[in-house]
Every structure is written in C-alpha cells, then in structure tokens.
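Heads up: the structure comes next, in structure tokens.
The values are calculated or read from the model by the stated rules, or taken from the named source; none is laboratory data. Everything numeric in this text was worked out from a predicted model, so none of it was measured. Every residue, glycine among them, receives a Cβ derived from its backbone with ideal geometry; neighbour counts consider all protein chains shown.
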Amino acid sequence: MSKRGSAVVLLAVVAVLAGLAIVATQLPKMKRPAPLPGPERGAGPDWAPLRADLEAYIRSQRGQFALYLYDFSSGSEMGINQDAPMYAASSIKVPVVLYLYDRAAKGALSLDETVAYDPDTDYATGSGVIQYTASPGNPYSLRTLGNLAITISDNAATKMLIRRLGLDNIRAFMAGLGGRILFPDGRYVSSARDMGLYMRATKQFADSNPGLGGTFVYDLKHTITNEGLTQELPGVPIAHKVGAAGTVATDAGIVYAGDRTYVLTVLTRDVGDTEVPGFNAIGRISRVVYEYLGRR
C-alpha cells in the first residue's frame with residue numbers, strides 16, 4: 001500500500017474513533033453490575049415462640065432460672081435472665097480448663113508439667129478422688145488435673161489448676177472471651193450468658209486446635225454425669241459440664257444436633273429441696289429447645 005493509501009486508512013480510523021467517542025458522551029451512563037452476593041449464614045430462628053414456651057414453663061416452676069442459647073448456624077442468640085448473677089457451681093470449671101488448654105496450645109506450658117498436692121491449699125470436699133487418695137507432695141500432671149476437673153468434677157484438681165494458673169490470669173482470660181462476672185471474691189458465680197460465651201469459645205478452640213481442643217470436648221462428652229441437658233436427649237452428642245450444690249443445679253453445653261449445633265446454658269436455684277428437680281427442669285428445657293430447633 002502506498003504512503004498516501006496508508007494515510008487515508010489512518011484518517012478513517014481516527015474519524016471512526018472520534019465519532020464513537022462523541023456518541024458515547026451522548027449516551028446515558030450505565031451502572032456497573034452489582035457483585036453477586038456471597039454466601040451468607042442461614043436466617044436465624046424466630047425465637048419468639050420458643051421464648052414464650054420457655055417463659056411459661058419457668059413460671060410453672062419454683063425458684064430461679066437463667067438461660068442462654070446460641071445457634072452456630074445463624075449466629076443468633078436468645079436469653080432469659082441471661083445476665084443475672086447466679087451460682088454456677090462446677091460448671092465454672094469450663095473456663096479454667098479451657099484456659100489450661102489455651103496456654104498449652106500457645107506453648108506457654110506443657111501438659112506434662114506436674115503440680116504437687118498441698119492439702120493446706122488444695123484439699124476440697126465434695127466431688128473428686130484426690131481428697132481421698134493423695135498424700136502431701138504427690139505430683140499430678142496438668143493433663144491429669146484437667147481431665148479430673150471435667151470428667152469427675154474433682155474439686156481438689158480444680159483448686160490445684162487455679163493455684164498453678166493464677167486466678168487473676170484466669171479472670172483476664174474470661175474477660176477476653178466477653179465474660180463479665182469473674183469469680184467475684186473467689187466464688188463460683190457467673191451468668192448464663194457468660195457460661196454460654198465460654199462454651200462458644202470451647203467449640204471455636206476445638207475447631208482451630210483439633211488435638212487439644214478435641215481432647216477437651218471428648219472429656220466434656222464423657223463426664224460421669226447424665227443429668228441436665230442430656231437426660232431427655234439420649235443418644236444426642238452433648239459436650240457439657242454440670243454443677244450441683246444444695247438446691248443449685250446448672251449445666252452448660254454444646255449440643256451437636258445433626259446439621260445444627262448450638263450452645264445452651266441453664267442455671268437454676270431452689271427449684272426443689274435438692275438439686276434433682278433443677279436438673280429435671282434443665283432436662284425439660286433442653287428437650288424443648290432441641291425439638292424447636294429441629295422443626296426449624
């Protein structure tokens with residue numbers, strides 16, 4: 001092609017582009033397509049009917065109740081008197097042992113480390129075997145103490161863990177998880193909401209630390225008690241920790257209900273003259289929640 005022909009073609013192209021530019025300025029601007037929505041959690045349950053049923057049941061009972069419910073599928077929660085300070089009894093051992101495993105996961109301590117039994121500081125009546133079998137100076141590994149505190153609710157093992165880990169450190173850990181009632185005056189007082197947060201943290205820890213977290217959840221699923229959350233749900237996997245003291249009955253757990261996993265914590269007091277009516281009430285509440293979420 002001659003130079004003159006090339007120049008003519010070039011001018012034609014420039015003219016076409018210029019024309020398109022003019023047309024473009026006269027057309028209305030088109031909006032950029034909105035991005036496709038990403039995956040979202042499922043819609044949360046309608047808690048109103050469940051709350052009404054539970055409140056009606058609680059009104060039919062004696063004593064005090066507090067409960068907290070968290071649905072992992074939707075990230076939604078519901079509570080009744082969930083922030084009321086209540087005696088948690090041995091359920092409060094959950095954040096103590098969770099802190100132990102958290103320290104081990106971060107390499108801050110070894111579960112093989114031993115703690116010597118000191119009856120002056122560690123002796124405790126009630127649940128457990130250490131009070132009967134230990135002599136002064138007997139060593140117990142942190143792994144053993146954590147297991148005993150959960151599976152048989154050993155009170156001496158719990159005191160030894162608290163002595164080793166430090167109560168202030170445990171309090172700070174609980175506060176970091178969102179806890180608000182932190183061993184006031186050293187008492188085992190908490191709230192249904194706080195206990196629910198510790199159980200939520202337990203599942204999250206197990207999900208991210210299958211080894212240590214799996215051991216912790218296994219112990220929670222295999223305690224010597226079959227009361228509270230589990231007693232009307234035979235065969236349903238529940239990782240939980242009960243507490244009992246006089247007329248106090250408590251339970252805090254993770255319920256693995258097929259595709260739906262949730263946390264339920266129930267604290268009771270004075271439902272009956274012993275802890276038994278309280279555990280019966282917790283069992284009934286557990287079944288009502290399970291069946292309601294199953295229908296959803």
Please indicate, with yes or no, whether at least one residue in region 164-179 is more than 30 Å from Gly75 (Cα to Cα), crowded, with 20+ Cβ neighbours inside 10 Å and not aliphatic (A, V, I, L, M). no
From the list Thr158, Thr215, Thr121, which one is buried (at least 21 other Cβ atoms within 10 Å of the Cβ), among the polar types (S, T, N, Q) and in a helix (DSSP H, G or I)? Thr158
Residue pairs within 8 Å by beta carbon, gap of at least six or interchain, first lying in region 274-296 and under 13 Å from Thr230 (Cα atoms), second part of a helix (DSSP H, G or I) and of a type in the set (A, V, I, L, M, F, W, C), listed first then second, are Ile282/Leu229; Gly283/Leu229; Ile285/Leu54; Ser286/Leu229; Val288/Leu50; Val288/Leu54; Val289/Leu50; Val289/Leu54
For region 210-245, enumerate the residues that are out of contact with any strand residue (DSSP E or B) (no Cβ under 9 Å at 6 or more places or on another chain) and either aromatic (Phe, Trp, Tyr) or without any contact (Cβ under 8 Å) to a residue 60 or more places away in the chain (or both). Pro210, Gly211, Gly214, Asn226, Gln231, Glu232, Pro234, Gly235
Pick out, from region 1-115, the helices (runs of 4 or more DSSP H) lying fully within it that include 1 or more residues that are at pLDDT 50 or above and surrounded by 10 or more Cβ atoms within 10 Å (Cβ to Cβ). 47-59, 93-105
How many residues does region 233-256 hold that are outside any strand (DSSP E or B) and surrounded by 17 or more Cβ atoms within 10 Å (Cβ to Cβ)? 2
Need pairs with beta-carbon distance below 6 Å; first residue closer than 18 Å to Phe216 by Cβ and within region 147-164, second of a type in the set (Asp, Glu) and at pLDDT 95 or above; sequence gap 6+ or separate chains. Asn147/Asp219; Leu148/Asp154; Ile150/Asp219; Thr151/Asp219; Met160/Asp122
